[in-house]
Amino acid sequence: MAERGRIYRWARNRSLGDAKARPVIVIAPDAATAVLERWVVVPISSDPRLEAHPLAVPLSLQEGSGLERISFAMSWLPTTVLRQQLQGPIDRSDPEVVRQVLLTLARALDLSMQEAWSED
């Protein structure tokens with residue numbers, strides 16, 4: 001089953017004070033999710049202040065969606081999670097949304113290496 005673009009709930013680490021489960025979107029390629037126990041995900045938030053954030057990707061609500069409000073993928077916060085920690089899937093993102101998340105992630109991490117490197 002293709003996992004990239006699917007939205008899950010992640011219970012997070014309650015021992016570190018994380019109070020609630022958060023939706024996440026899987027960004028790891030399907031070749032990785034098929035064989036690895038750790039998946040790369042981007043957290044999702046419904047905080048309306050993110051609408052103005054240049055690295056937040058809006059996720060539209062669809063009928064039957066697992067998201068309750070207009071939400072945003074926080075592409076500057078990729079993380080890895082154990083597959084067993086994920087609940088769902090609760091939804092599947094449109095391929096164009098996944099593309100936008102990946103492009104914004106590349107910008108957030110400066111994967112084009114635009115910064116000048118220094119020799120120390």
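Every read-out reported here was derived from the displayed coordinates using simple, explicitly stated rules and does not represent laboratory data. Values in this document were obtained by computation on a predicted structure and should not be read as measured data. Using ideal geometry, Cβ is built from the backbone for each residue, glycine included, and neighbour counts are taken over all protein chains shown.
Structure notes:
- With a Förster radius of 30 Å applied to the C-beta separation of Ala11 and Asp47, the computed FRET efficiency comes to 0.95.
- Value of D in µm² per second that Stokes-Einstein yields for segment 6-108, Kirkwood Rh from Cα pairs, at 10 °C (1.306 mPa s): 115 µm²/s
- Full-extension gain in nm, Val35 to Ser60, via 0.36 nm per residue minus C-alpha separation: 6.0 nm
- Length-normalised contact order for segment 6-108 - Cα pairs under 8 Å, 6+ apart - percent: 33 percent
- Distance-filtered residues of segment 66-101 - backbone nitrogen under 17 Å, label point 7 angstrom along Leu109 Cα→Cβ: 73-82, 98-101
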